[in-house]
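Below are the structure tokens for one structure; questions will follow.
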Protein chains: 2
Amino acid sequence: MSEGSRKTKGVHKGPRSQRVIESVFEATLAELAELGFAKLTIEGVAKAAGVSRTTIYRRWPSKSELVAAAMEPLLAPYAREIDSGSLVEDLLALMEILSENLGRPKARELIRVLNDPSLREVARSSADRAFAAFLRVFEHAQARGEIGPEEDVEMICHLTVYGLTYWAEHHGRFPGEAERLRLLRVVLAPLPGIELPQLA
Amino acid sequence: MSEGSRKTKGVHKGPRSQRVIESVFEATLAELAELGFAKLTIEGVAKAAGVSRTTIYRRWPSKSELVAAAMEPLLAPYAREIDSGSLVEDLLALMEILSENLGRPKARELIRVLNDPSLREVARSSADRAFAAFLRVFEHAQARGEIGPEEDVEMICHLTVYGLTYWAEHHGRFPGEAERLRLLRVVLAPLPGIELPQLA
């Protein structure tokens with residue numbers, strides 16, 4: 001089978017195909033941030049990514065599937081096994097993943113348009129996966145006795161995730177290392193014996 | 001001058017006029033939450049409020065002015081003098097004002113559509129006024145020596161306001177008294193000597 005005929009029959013798996021997928025995802029997130037979900041079109045994404053519409057439809061038959069797929073690379077890092085033996089180290093690692101996502105160009109617009117009712121499931125599942133990663137490092141800390149079983153880890157996680165995500169709403173820029181440490185200094189204050197590193 | 005002729009000449013000041021204003025504001029916020037700013041029309045608001053378009057245009061010549069005016073009753077309570085002599089009491093009073101706003105029907109939709117770029121100024125000024133009210137009670141507490149001058153009140157305020165506002169994003173409902181106390185238990189933990197009431 002020639003390269004040319006295979007192209008129309010199925011989904012490529014090679015490095016070229018990987019680059020195509022990446023540019024489609026980038027274009028999807030950029031178009032989504034720019035236009036919102038209602039005005040997003042597969043045609044527009046195809047144009048922005050420099051691929052044919054068929055290339056996109058073949059893999060993601062609907063806009064929702066395309067958006068969910070494009071979000072995946074942002075969410076995958078939360079599934080990483082993070083368990084350094086130190087709650088603070090684990091939290092700093094997770095906050096760095098979240099801050100990297102927040103620091104993307106158009107991240108604020110993306111947060112805004114993810115609130116579109118048509119994307120409720122995608123938004124909910126994204127938030128749940130980030131939140132679950134934070135909960136997990138607290139559970140590890142409880143399991144090894146670093147913090148007590150009675151601590152309000154749900155509230156601490158909530159304040160950490162949403163405090164970080166919406167820092168830019170009020171302060172105009174996403175949180176850097178200094179803000180992350182300031183945030184931890186507050187939310188970890190209820191936990192006896194947890195020490196924070198000094199800001200370099 | 002008869003009631004009828006006065007109606008077309010200027011802006012009423014009586015109790016009937018007050019009721020008209022209130023129903024226009026309610027209709028504006030409801031339409032805004034439902035449709036977003038782009039699809040909001042003065043005609044639609046007039047219809048929903050049961051008034052003529054002229055009644056609205058006469059007072060608020062643009063959609064932005066109408067929306068800003070309709071937000072005002074939600075924001076006015078933050079300007080109230082709140083200074084009971086106790087940081088915790090002051091914070092609970094402010095959190096109640098914020099929770100009342102958040103507990104309005106369609107509040108989540110309203111938070112979402114306020115992120116529309118066309119409403120950036122309205123959204124920013126709303127957030128600033130709520131935030132300033134929280135900052136003020138911390139400054140009172142510092143002035144009377146209840147908390148030290150070195151505490152990170154900006155971060156504590158940020159976590160309180162955004163933690164409360166976005167509680168429903170993850171938990172599906174706006175925070176009740178129990179969640180407000182849980183939130184304060186975390187964010188006030190860095191402050192030595194601050195005691196929280198037990199949940200009734």
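Rg over Rh of the stretch B:21-128, using C-alpha atoms and the Kirkwood radius, what does it come to?
1.03
In Å and whole numbers, how far do the C-alpha atoms of chain A stretch along each principal axis, longest first?
Between the extreme Cα coordinates on each principal axis of chain A lie 64, 38, 32 Å.
OK, next. What is the gain in length, in nm to one decimal, between A:Arg53 and A:Glu65 on full extension, counting 0.36 nm per residue of separation less the C-alpha to C-alpha distance?
Values: separation 12, 0.36 × 12 = 4.32 nm, distance 1.46 nm.
Once the chain is fully extended between A:Arg53 and A:Glu65, it gains 2.9 nm.
Return the long-range amide H neighbours of B:Ile82 (sequence gap of 5 or more, or a different chain), with a cut-off of under 5 Å between placed amide H atoms.
Placed amide hydrogens put nothing under 5 Å from B:Ile82.
To continue, here is another question. Within 10 Å of each Cβ in peptide A:163-174, how many partner chain Cβ atoms are there on average? Round it to a whole number, please. Spell out each step's value before the answer.
Values: counts 9, 2, 3, 9, 4, 0, 9, 10, 2, 1, 0, 0.
Counting Cβ atoms of other protein chains within 10 Å of each residue's Cβ and averaging gives 4.
Between B:Glu34 and the same site in the other copies, what are the distances in nm, shortest first, taking label points 7 Å from Cα along the C-beta direction?
Sorted ascending, the copy-to-copy spacings read 3.3 nm.
In the neighborhood of B:Arg104, defined by Cβ-to-Cβ distances under 15 Å, what is the net charge if each Lys or Arg adds +1 and each Asp or Glu adds -1? Don't skip to the answer; put the middle values down first.
On the way: positive: B:Lys106, B:Arg108, B:Arg112, B:Arg173; negative: B:Glu22, B:Glu26, B:Glu31, B:Glu34, B:Glu72, B:Glu96, B:Glu100, B:Glu109.
In short, -4.
Nearest to the axis that maps chain A onto chain B: list the chain A residue whose Cβ wins, with the distance in whole angstrom.
Closest to the axis: A:Ala189, 2.
Which of the three applies to the stretch A:67-179, rounded, prolate or oblate, going by the alpha-carbon gyration tensor with a ≥ b ≥ c and a/c under 1.5 meaning rounded?
On the way: a/c = 1.91, a/b = 1.59, b/c = 1.21.
It is prolate, given that a/c is not under 1.5 and a/b is the larger ratio.
In chain B, which whole DSSP H runs stretch at least 27 Å along their own axis (Cα) and average -1.0 or higher on the Kyte-Doolittle scale? All intermediate terms of the calculation are to be shown ahead of the outcome.
Working: long enough: B:15-35 (29 Å, 0.10); B:120-143 (33 Å, -0.15).
Qualifying helices, which must be both long enough and hydrophobic enough, are B:15-35, B:120-143.
In nm, what does the list of distances from A:Glu177 to its counterparts in the other copies look like, shortest first, when each label sits 7 Å along Cα to Cβ?
Result for A:Glu177, in nm, nearest copy first: 4.6.
Could you give the distance between the Cα centres of the stretch A:124-185 and the stretch A:74-95, to the whole Å?
11
Taking one equal scatterer on every alpha-carbon of the protein assembly as shown, how large is log10 of I(q)/I(0) by Debye at q = 0.11, 0.12 1/Å?
-0.92, -1.04
None of the figures in this text is laboratory data; all of them are computed from the coordinates on show. Just so we're clear, the structure is a prediction, and the values are computed from it rather than from any experiment. Note that each Cβ is placed from the backbone with ideal geometry, even for glycine, and that neighbours are counted across all protein chains shown.
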